[in-house]
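Readers should treat all values here as calculations from the given coordinates under stated rules, not as data from a laboratory. Not measured: the values here are computed from a predicted model. Positions of Cβ are generated from backbone atoms using ideal geometry, with glycine treated the same way; all protein chains shown enter the neighbour counts.
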Amino acid sequence: MSEWGPTMRRPSRPSRTWRSSSKTSGARRRRSRSTRSLVARRTRTLGADAEDTVASRNNLAATLGSLGRKAEASEILEGVLVRQIATLGESDPRTLATLNNLALAYGELGRLPDAIRISTQLLEVKRRVLPAGHPASSSA
């Protein structure tokens, strides 16, 4: 038996998850600033539709989402999606990943009709592109 006895509880302390996330939130903010800078440089040098620029925008959206800035992340994802569909096509795996991330972002923002619409679109593309019976063609 521990020194706390059968009815005593240990003093509460921050969970490991909270402690580790509080240490990394500063790193995420720094990464957000550096990714914004990278996006600006790539847009200037490569153009807004260049694959590397679009990938950097996608990374920025992921970083902002991890910082809790879901609305800003979803706006960036919307732009990424438009560019990916135009340059890579609707069935490219990167486009499908962005569709999935956008549906998740909409869900977290409480935009359920939009989340359902995007998830349905994702599932339709998967069913059209993947072979019959593929596990990913049964869920979005």
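Once both labels are modelled 7 Å past Cα along the beta-carbon direction, what's the ALA40-GLN121 spacing in nm?
3.0
Just grab the label-to-label distance for VAL82 and ARG29, each label 7 Å out from Cα along the Cβ direction, in nm (one decimal).
Distance between label points: 3.1 nm.
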